[in-house]
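The values are calculated or read from the model by the stated rules, or taken from the named source; none is laboratory data. Owing to the predicted nature of the structure, the values given are computational and were not obtained by experimental measurement. Please note: Cβ atoms are built from the backbone with ideal geometry, for glycine as well, and neighbour counts cover all protein chains shown. Only protein heavy atoms, including side chains, enter the accessible area calculation; ligands, DNA and RNA are left aside. Shrake-Rupley method; radii C 1.70, N 1.55, O 1.52, S 1.80 Å.
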Amino acid sequence: MARADQLIALLRAYAGEQDAQFTAVALQMAAGEAQKGHTRLAAELKALIEAAQVRQVSRPAVRPVPLAQPKGELAELLTVQYPRHHLTEMVVSAEVALKLERVLREQRYHERLSGHGLVPRRKLLLVGPPGTGKTLTASVLAAELRLPLFVARFDSLITKFMGESASKLRLVFESLKATRGVYLFDEFDSLGLQRGSQHDVAEMRRTLNMFLQLIEQDASESLIVAATNHGESLDTALFRRFDDVIRYEAPDVSQIERLLRNSLALFDGPTLDYTRLVAAANGLSHSDIVRACQDAMKDAVLENQTGVSQESVLQHLDERSASLRHMKFS
Ligand SMILES: Nc1ncnc2c1ncn2[C@@H]1O[C@H](COP(=O)(O)OP(=O)(O)OP(=O)(O)O)[C@@H](O)[C@H]1O
Ligand SMILES: [Mg+2]
């Protein structure tokens, strides 16, 4: 039997999906609870479902995007995904949340804006340490806007097409015009940092410069998301080419607690002492914390437990902290 908080967590995670069957089952669950006399829970479930329906209706229609698949040469440069992530899954600072909501709002109303000669923000630079949600952000933007997510593969661009990277890069930017989507250029600056012969390095520099020029010139309706770990080493001229620079940071105490609670929601046991868990997770990235929780949930499932144990979560958090210390000192 699902518990009340589990039902609510499930609804929060998936409410808003345009899925008639989901809504129907959720309403049946609410009715079932009402019949059992759980009127408060039933009312809360119903309110959540209705709020999600209102959100859906009040949003401007999002044009359905045909399933796109890069073909020919492009297939070697771009991979496509159709992610299903909700903005509510992300645990970020208030500032980052505000910036992401602004991008989504401007994109959802892009036609209204362009009707007045205004351009929605669509060129984003995401800066921050590993595992803080940069790649996840690109997935969330694509999912929320119901657009395909194209990931540009710089490695094959440089290594496979030595001498032709510039023309290949142009091909990628042609695709931005032809197929509206979220285009993720992940770790794009590793271009300049990779080791190689003098010739390789010169080519990488040229490609990076070309990339920045193409971003500047691009007037398509696609979103450009460039992500990097090395914000401090990038020059300020680069920042000007983007509509917004979004900075990600390791989670603070309140974010850690939200992450732990979200990640463990479906396996939460009454014995969990979050104050201790938060202390143990201090210093870890979002990604490490989520993974430690997943490991603890696997333990619970394999040991036929309905909830995770405090010891198991602590152990996995400690393991991750230890390997982090090991990496720092090696
Ligand atoms: N802010 C966040 N909120 C919730 N979950 C997160 C967040 N950041 C990371 N995660 C979890 O960690 C996973 C990995 O994060 P992601 O790949 O987005 O990190 P990244 O910032 O792109 O790291 P890298 O710089 O190493 O590429 C995500 O799929 C998600 O499960
Ligand atoms: Mg990433």
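Some notes on this structure:
- Candidates Val290, Val278: the one that is part of a helix (DSSP H, G or I), of a type in the set (A, V, I, L, M), under 22 Å from Val92 (Cβ atoms) and within 22 Å of the chain's Cα centre (by Cα) is Val290.
- Scan of region 99-147 for residues that are within 14 Å of ligand 1 (Cβ to nearest atom) and over 24 Å from Ala68 (Cβ atoms), ordered by number: Lys99, Leu125, Val127, Gly128, Pro129, Pro130, Gly131, Thr132, Gly133
- Of residues in region 108-130 being surrounded by 20 or more Cβ atoms within 10 Å (Cβ to Cβ) and in a loop (DSSP other than H, G, I, E, B), the one farthest from ligand 2 (Cβ to nearest atom): Pro120
Results for (1) away from ligand 2 (no atom under 16 Å from the Cβ); (2) open to solvent by less than 30 Å² (accessible area, probe 1.4 Å), shown as yes or no for each residue.
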site: Thr228; (1), (2): no, yes
site: Gly231; (1), (2): no, yes
site: Asp235; (1), (2): yes, no
site: Leu238; (1), (2): yes, yes
site: Arg258; (1), (2): yes, no
site: Leu264; (1), (2): yes, yes
site: Ala281; (1), (2): yes, yes
site: Arg291; (1), (2): no, no
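- Qualifying residue in region 170-181 (condition: open to solvent by less than 50 Å² (accessible area, probe 1.4 Å), modelled with pLDDT of 95 or more, within 30 Å of Asp252 (Cβ to Cβ) and not charged (D, E, K, R)): no
- Only one entry of Val96, Val140 meets the criterion of being in contact with a strand residue (DSSP E or B) (Cβ under 9 Å, 6 or more places away or on another chain) and of a type outside the set (Gly, Ala, Ser), and that entry is Val96.
- One residue from Glu232, Glu257, Glu216 being part of a helix (DSSP H, G or I), within 16 Å of ligand 1 (Cβ to nearest atom) and in the same structural domain as Glu187 (by TED's automatic domain parsing): Glu232
- Cross-chain or 6+ apart pairs with Cβ under 8 Å, region 175-202 first and within 28 Å of Leu223 (Cα to Cα), then at pLDDT below 65 and surrounded by fewer than 18 Cβ atoms within 10 Å (Cβ to Cβ): Arg180/Val65; Gly181/Val65
- Flag for Asp155 being at pLDDT below 75, out of contact with any Gly (no Cβ under 9 Å at 6 or more places or on another chain) and loosely packed, with under 13 Cβ neighbours inside 10 Å: yes
- Taking each residue of region 134-148 that is touching a residue at least 24 places away in the same chain (Cβ under 8 Å) and hydrophobic (A, V, I, L, M, F, W, C) and looking for partners that are within 10 Å of ligand 2 (Cβ to nearest atom) and open to solvent by less than 20 Å² (accessible area, probe 1.4 Å) with beta-carbon atoms closer than 7 Å, six or more apart or interchain, yields Ala138/Leu184.
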